[in-house]
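Peer 1: So that we are looking at the same thing, I have put the structure below in structure tokens.
The values are calculated or read from the model by the stated rules, or taken from the named source; none is laboratory data. Given the structure is predicted, the values throughout are model-derived calculations rather than measurements. Counting neighbours? That spans all protein chains shown, and the Cβs are built from the backbone with ideal geometry, glycine included.
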Amino acid sequence: MQLMVNGQPYLVDEERDRLLLWVLRDELGLTGTKFGCGIGLCGSCTVHLDGIPTRACITLLSAADGKEVRTLEGLAEIGANGEMVFHPVQQAFLDEQVPQCSWCMSGQMMTAAALLEKNPKPNAEEIRQAMDAVYCRCGTYHRIRKAVARAAELAGQSRSQLG
Ligand code: FES
Ligand code: FES
């Protein structure tokens, strides 16, 4: 089957019971998506399927057929001069110095990016509710919420600059 990941088509074997997480990591080498609990609880393996935050560790490859998969590697963009331009969520997580061990961060950033795509100006409660879906064993929740609010501001500024 053809799998679309971060705008690129990949040909992969369509075997029954293959999980999206292991195809992304082991076959496509997209190791930005992390393995945590493996049972759909922690959220560290979160990717987007047609923009919906989805736990890749419990998602069959077949569920991604005909859909656009986005992983952490697909968040940043290439600028006009070929430079990497961070997604506002990535920039805000850096600015707020969020990561501690970093294991959960891919899932946190993918969850935050999906939230801001659906709701560009979330309030504090909406941020808390969305981000509580992903565990952080290091307890960086306060910094995560601050960074998501900052990312919403950064995204708003770049929208107004674009006109
Ligand atoms: S590794 Fe997928 S939810 Fe924990
Ligand atoms: S930064 Fe360590 S688990 Fe979140």
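Peer 1: So which strands (runs of 3 or more DSSP E) stay within the stretch 1-87 end to end and still have 2 or more residues that are in contact with a helix residue (DSSP H, G or I) (Cβ under 8 Å, 6 or more places away or on another chain)?
Peer 2: Output list reads 2-5, 46-49, 52-55, 68-70.
Peer 1: I'm checking my understanding of the structure. Among residues of the stretch 99-115 that are within 11 Å of the chain's Cα centre (by Cα) and of a type outside the set (Gly, Ala, Ser), which one is nearest to ligand 2 (Cβ to nearest atom)?
Peer 2: Filtering the stretch 99-115 for residues that are within 11 Å of the chain's Cα centre (by Cα) and of a type outside the set (Gly, Ala, Ser), the one nearest to ligand 2 (Cβ to nearest atom) comes out as CYS104.
Peer 1: Let me ask something else about it. Checking the conditions here, which among ARG137, ARG145 is over 15 Å from CYS42 (Cβ atoms) and outside the structural domain of LEU24 (by TED's automatic domain parsing)? Write out each step before concluding.
Peer 2: Numbers: ARG137 fails: over 15 Å from CYS42 (Cβ atoms).
Checking each option against the conditions leaves just ARG145.
Peer 1: Turning to a different aspect of this structure: Report the residue count in the stretch 116-149 for those that are surrounded by fewer than 19 Cβ atoms within 10 Å (Cβ to Cβ) and touching a residue at least 60 places away in the same chain (Cβ under 8 Å).
Peer 2: Looking only at that region, the number is 4.
Peer 1: OK, next. Could you look through the stretch 54-106, keep only residues that are among the charged types (D, E, K, R) and more than 26 Å from LEU20 (Cα to Cα), and pick out the one that is surrounded by the most Cβ atoms within 10 Å (Cβ to Cβ)?
Peer 2: Once the filter is applied, the top-ranked residue is GLU96.
Peer 1: Quick one: how many residues across the stretch 26-36 are over 17 Å from the mean Cα position of the chain (by Cα) and surrounded by 14 or more Cβ atoms within 10 Å (Cβ to Cβ)?
Peer 2: Number of matching residues: 1.
Peer 1: For the stretch 1-25, what are the residues that are within 16 Å of the chain's Cα centre (by Cα), in contact (Cβ under 8 Å) with a residue 40 or more places away in the chain and surrounded by 13 or more Cβ atoms within 10 Å (Cβ to Cβ)?
Peer 2: MET4, VAL5, ASN6, LEU20, LEU24
Peer 1: Being of a type outside the set (Ser, Thr, Tyr) and within 11 Å of ligand 1 (Cβ to nearest atom) is the filter here; which residues of the stretch 39-52 pass it?
Peer 2: ILE39, GLY40, LEU41, CYS42, GLY43, CYS45, VAL47
Peer 1: Which residues, taken from the stretch 88-104, are within 16 Å of ligand 1 (Cβ to nearest atom) and in contact (Cβ under 8 Å) with a residue 24 or more places away in the chain? Working first, answer last.
Peer 2: Keep residues of the stretch 88-104 that are within 16 Å of ligand 1 (Cβ to nearest atom), which gives 101-104.
Passing the criteria: CYS101, TRP103, CYS104.
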